[in-house]
1. Could you give every pair whose Cβ atoms fall below 7 Å, whose first residue belongs to the stretch 45-66 and is of a type in the set (Gly, Ala, Ser), and whose second residue is in a loop (DSSP other than H, G, I, E, B) and surrounded by fewer than 15 Cβ atoms within 10 Å (Cβ to Cβ), counting only separations of at least 6 or pairs across chains?
2. Among the residues of the stretch 2-24 satisfying the criterion of being among the aliphatic types (A, V, I, L, M) and out of contact with any Ser or Thr (no Cβ under 6 Å at 6 or more places or on another chain), which is nearest to Pro94 (Cα to Cα)?
3. Could you tell me how many of the residues in the stretch 30-47 are under 13 Å from Gly16 (Cα atoms) and either of a type in the set (S, T, N, Q) or surrounded by fewer than 15 Cβ atoms within 10 Å (Cβ to Cβ) (or both)?
4. Could you list all residues from the stretch 85-103 that are buried (at least 17 other Cβ atoms within 10 Å of the Cβ) and either more than 21 Å from Thr57 (Cα to Cα) or touching an Asp or Glu at 6+ places or on another chain (Cβ under 9 Å) (or both)?
5. Would you check if Ala82 is modelled with pLDDT of 95 or more, in the same structural domain as Val38 (by TED's automatic domain parsing) and either over 30 Å from Lys58 (Cβ atoms) or surrounded by fewer than 21 Cβ atoms within 10 Å (Cβ to Cβ) (or both)?
6. Is there a residue being of a type in the set (Phe, Trp, Tyr), in a helix (DSSP H, G or I), modelled with pLDDT of 95 or more and closer than 10 Å to Gly8 by Cα anywhere in the stretch 42-60?
7. Consider Ala27 carefully, then state whether it is farther than 22 Å from Arg89 by Cα and in contact with a helix residue (DSSP H, G or I) (Cβ under 8 Å, 6 or more places away or on another chain).
Amino acid sequence: MPERPLYGLFGAGGFGRPVMPILQAIASERHGEAADVVFIDDAPGLKQVNGVRVITTKAFLAAPRAATFFNVALSNPHARMAVCERFLREGFTPVTIVSRQAVVMGPAEIGEGAIICGFCTITTNVRIGRFFHANIYSYVEHDAVIGDYVTFAPRVNCNGNIHIKDLAFVGTAAAIRQGVGQPNVIGRAAVIGMGAIVLNSVADGEIVAGNPARPIRGSGAGSIK
């Protein structure tokens, strides 16, 4: 008999829980009731979350590669990249998760493993990299270019002609002004704080916050929600 398809979502925490129903719907559309959809989480004693079975990373790694898919619901870009790269090295296939309640107008390129939550909008002439996260009510406007492992917390406003490099984190309700003449650039591993109003480009690894956004102490390795 063929192997039962397995869909694993790494991370049963705050972001993973609302993403799981979207993944379940995708698996159901593809396979009906044949698919097994699980959380992957190594928290001690965690067996079930919201009625969904939880398995360990070790158990997931033991699954057959041919019929097994994954995504990673960790908002920290660096942590997400580490897990994704491990699963990719092990030969698992990423699944892109786009809510039925999201709007993708197009033309738009969305890289493998992206998670686009409900009430998000992706407009036209947009290019998005691998394993991007767009939490609820975020939008990406025209001519934006977004790198790999970028995180948008809820209600991020990414206006037109903006380039966001790999591993950047944009906090809840932050707004990035449209590039005029040339793109506004958010640097690699930069962090934009909650509610920040970003009027100009942000350097690699820089943390900015406030209205208008200004650099604050620290490095871009963390996140400000």
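The values are calculated or read from the model by the stated rules, or taken from the named source; none is laboratory data. As the structure is a computational prediction, the values presented were derived from the model and not from experiment. So basically every Cβ, Gly included, is an ideal-geometry build from the backbone, and we count neighbours across all protein chains shown.
1. Ala66/Glu3
2. Leu9
3. 0
4. Listed by number, the residues that qualify are Pro94, Val95, Thr96, Val98, Ser99, Ala102.
5. Yes.
6. Looking for residues that are of a type in the set (Phe, Trp, Tyr), in a helix (DSSP H, G or I), modelled with pLDDT of 95 or more and closer than 10 Å to Gly8 by Cα, one finds at least one in the stretch 42-60, hence yes.
7. No: the conditions fail for Ala27.
Residue by residue, here is whether (1) within 24 Å of Ile128 (Cα to Cα); (2) in the same structural domain as Gly171 (by TED's automatic domain parsing); (3) of a type in the set (Ser, Thr, Tyr) holds:
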{"site": "Ala12", "(1), (2), (3)": "no, no, no"}
{"site": "Pro21", "(1), (2), (3)": "yes, no, no"}
{"site": "His31", "(1), (2), (3)": "no, no, no"}
{"site": "Asp41", "(1), (2), (3)": "no, no, no"}
{"site": "Thr57", "(1), (2), (3)": "no, no, yes"}
{"site": "Ala73", "(1), (2), (3)": "yes, no, no"}
